[in-house]
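In what follows, a single structure is set out as structure tokens and then discussed.
The values are calculated or read from the model by the stated rules, or taken from the named source; none is laboratory data. Because the structure is a prediction, the values reported are computed rather than measured. All Cβ positions, even for glycine, are placed from backbone atoms using ideal geometry, and neighbour counts span all protein chains on display.
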Amino acid sequence: MLRRSFARFLPVLLTLAMLTGAALRAQDAPRSITFFLTFIPNIQFSPVYVAIEKGYFAEAGLDITLEHGDEPDGVNLIAAGERLFGMISGEQVITARANSRPVRFVYEWFQAYPVGVVVSGDGTIKSAADLRGHKIGIPGPFGASYSGLIALLTANGLTEQDIQLESIGFNAPQVFCAGAVEASVIYVNNEPIQIGNLAARGECGDVHGVSVLNVADFADMVSNGIITNEDTIASEPELVAQVVEAFHRGLSDVIANPAEAYLLSLGYVESLPRSEALIDALESAAAAQSGALEGGTAEENAAARGALLTDLRTRFDAADLLQLEILSSSIDLWEAPRLGYSDPESWQVTQDTLIQMGVIDVPIDLSAAYTNDFVPGEAESSS
Amino acid sequence: MQLQLVSRSISKQSGQKSAWRISVRRIAPYLGIALILIVWQAVVWMKVYPEFIIPSPLSVAERFVEVVQDGRLWMHTRTTLSQMLVGFGIGTVSGVVVGYCIAKSRFLEDVLSPLLVAMQSTPIVAYAPLLVIWFGSGPTSKIITSALIVFFPLLLNTAVGIRAVPAAQRELLESMSASRWQFFYLLEIPTALPVILGGLKVSATLAVIGAVVGEFISADSGLGYLVNRARYDYDTPLVMVAIVSLAVIARLMYGSIAFLEHRMLYWRTYADQ
């Protein structure tokens, strides 16, 4: 009798067991998140690659897919809730909020504004004031490059009318070396190294060396960082904290061990040089650095990076090391005593620049544009 | 008598139907535009996307009036138009000339065709950045981009049109000891003209794309630049104003060539009747 009843309920029990199993599996399945990045896959995004490769996102139950595109598209997608997170520059957040996009900056990645003006090292332009009357290339009169240039000019008593501005797209090394412009607005951690390499090979016209006028030396503006939308902050603050925490760990690891970061980025950036000899050298360096620099000071980290590059330069040519040099220069812009922290003063400077440029007409409430509440180690101090 | 009445009645009915059809065809494009506006407004009302992603037709119209009044739209339109028209002219002339030479010389076709096919099959956006590096960021690179995109359809249609000259007509002119010039303007041009003008209609719209691609890569004026600038300013209505302006220019270009075709090929209209 009992056996017959059991046989009758067996299919029901099996179905229930299957459904429970499926539900549990679904609960365990990582949540898929598309993370928006600008530009194209590049060594500069290594903190994200490292966070993925070392499982920091996975530990938080997140499965990250990367998507590249133009900043305004990313901002619009995040504002509309189509994407939840992205890496966007601060001035875009202010402009977007002034135009009804409910986005918010939650982690400042670049602690120094990465834009500058590259000039010939042996030319007549020695300071920002010397830019007057010269032809200066720029990707286009919009975005972070334009904001940075205007801030640089303003800090040196110049206006856009004092220079000859020429849009050259993202072709600064070629256009500058062809002599079509006398200076060019660039990202300080990238193009100056490329132009320097071309000049060293004698492939940059009359230019034999470069120097850079850094916007960060004149104006403390907000650069790139993680943004999300207000709905996500309100409804899923723990998700925001998890994403920020995972990125923060990735960033800290890159600063402490750039050789390891380079190796972990190989699967994401196909243009990275990857000869067997270079990989062997980087693996040895990564193993030596592993653990040695955790919690190291900025000076210690910089010294370790310098030593690594000095050693590699004796064994590899400039083209092999270009991307590692870019990574090292980028780390200079990321490192700060308080990683991820946004300084209210830098937001004010950025907004003032945007108003002066006519990008926005009236100031916005900057306290709504960013928060330090999700920055690891800052939440307690800000609350 | 009765048959005549029936015949007249049928003829009158068919005339009315024909007039009705002509009227409907005349207003059809406006119906299409009205339909798009209705669907667009419906999408806005249904809040499928926030208004900063899809602004309402009214807000786009308001932005249009603003940029017309402050002169920005005309300034950018003038830049795009001038670059596009020069590029269109250069592309048309060179396309027709090279197309004619290719039609006349199989050897030349063998030499040029791999290069031409490679150029045509490569998207213009892929090599437009190179044109900016080679020819600078001024109007030259945009004119060349526009000319290149116009060149191939014209070349192809000219070659096809010239080769389509019937052998019997060629023999007839030969029997009359016609000169080369007479062959050209009495036979080849009239025969090839419908095909060339077909290519010209396609090229007229492509010329707009060429100029705008160049402006997207690097520019500080023009409708392509305006789209980029408005995107970075999060001014979606202005993006749409620029896009609509480009569509209007492309339509006007197409319409102008269609009008030219109608005037130049009047004999074909009579033949159709």
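Do you know which residues across region A:280-313 are more than 19 Å from A:S330 (Cβ to Cβ) and buried (at least 16 other Cβ atoms within 10 Å of the Cβ)? The answer is A:A281, and nothing else. Remark: B:I189 falls outside the filter, which requires a residue to be more than 14 Å from chain A (Cβ to nearest Cβ), among the β-branched types (V, I, T) and either within 18 Å of the chain's Cα centre (by Cα) or outside any helix (DSSP H, G or I) (or both). In the condition set (1) away from chain B (no Cβ under 14 Å); (2) closer than 28 Å to A:L322 by Cβ; (3) touching a residue at least 40 places away in the same chain (Cβ under 8 Å), A:G202 is compliant with all but (3).
Residues of region B:123-137 that are among the hydroxyl-bearing types (S, T, Y) and assigned to a loop (DSSP other than H, G, I, E, B): B:S137 alone. Determine whether region A:269-278 contains at least one residue that is among the hydroxyl-bearing types (S, T, Y) and touching a residue at least 12 places away in the same chain (Cβ under 8 Å). There is at least one residue in region A:269-278 that is among the hydroxyl-bearing types (S, T, Y) and touching a residue at least 12 places away in the same chain (Cβ under 8 Å).
Of A:I33, A:I78, all but one fail to be under 24 Å from B:R231 (Cβ atoms) and surrounded by 16 or more Cβ atoms within 10 Å (Cβ to Cβ); the exception is A:I78.
Here is a list: B:L226, B:L206, B:L200. Which entry is among the aliphatic types (A, V, I, L, M), under 22 Å from the mean Cα position of the chain (by Cα) and within 14 Å of chain A (Cβ to nearest Cβ)? The conditions single out B:L226. Taking region A:118-188 as the region of interest, the strands (runs of 3 or more DSSP E) fully inside it that hold 1 or more residues being within 14 Å of chain B (Cβ to nearest Cβ) and surrounded by 24 or more Cβ atoms within 10 Å (Cβ to Cβ) are A:135-138, A:183-187.
Of the residues in region B:58-73, at least one is in a helix (DSSP H, G or I), within 14 Å of another protein chain (Cβ to nearest Cβ) and among the basic types (K, R). Scanning region A:91-114 for residues that are within 14 Å of chain B (Cβ to nearest Cβ) and closer than 21 Å to A:A151 by Cα yields a count of 8. When the residues of region B:138-183 are filtered to those that are under 25 Å from the mean Cα position of the chain (by Cα) and not in a helix (DSSP H, G or I), the one that is modelled with the highest pLDDT is B:A164.
Filtering A:L324, A:L312 for residues that are over 25 Å from A:G86 (Cβ atoms), among the hydrophobic types (A, V, I, L, M, F, W, C), within 17 Å of the chain's Cα centre (by Cα) and modelled with pLDDT of 95 or more leaves a single hit, A:L324. Looking across region A:43-81, the residues that are away from chain B (no Cβ under 14 Å), under 25 Å from A:I94 (Cα atoms) and assigned to a helix (DSSP H, G or I) come down to A:Q44, A:F45, A:P47, A:V48.
A:V118 passes every criterion in (1) closer than 18 Å to B:P55 by Cβ; (2) in contact with a helix residue (DSSP H, G or I) (Cβ under 9 Å, 6 or more places away or on another chain) apart from (1). For B:A118, the test of being in the same structural domain as B:G89 (by TED's automatic domain parsing) and without any contact (Cβ under 8 Å) to a residue 40 or more places away in the chain is passed.
Applying the condition of being touching a residue at least 24 places away in the same chain (Cβ under 8 Å) and charged (D, E, K, R) to region B:212-250 and asking which residue is farthest from B:L58 (Cα to Cα) yields B:E215.
Per-residue answers, yes or no, for (1) in a strand (DSSP E or B); (2) touching an Asp or Glu at 6+ places or on another chain (Cβ under 8 Å); (3) closer than 18 Å to A:R97 by Cβ:
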| site | (1), (2), (3) |
| --- | --- |
| A:Q323 | no, no, no |
| A:L327 | no, no, no |
| A:D332 | no, no, no |
| A:R338 | no, yes, no |
| A:Q351 | no, no, yes |
| A:L354 | no, yes, yes |
| A:I360 | no, no, yes |
| A:I364 | no, no, yes |
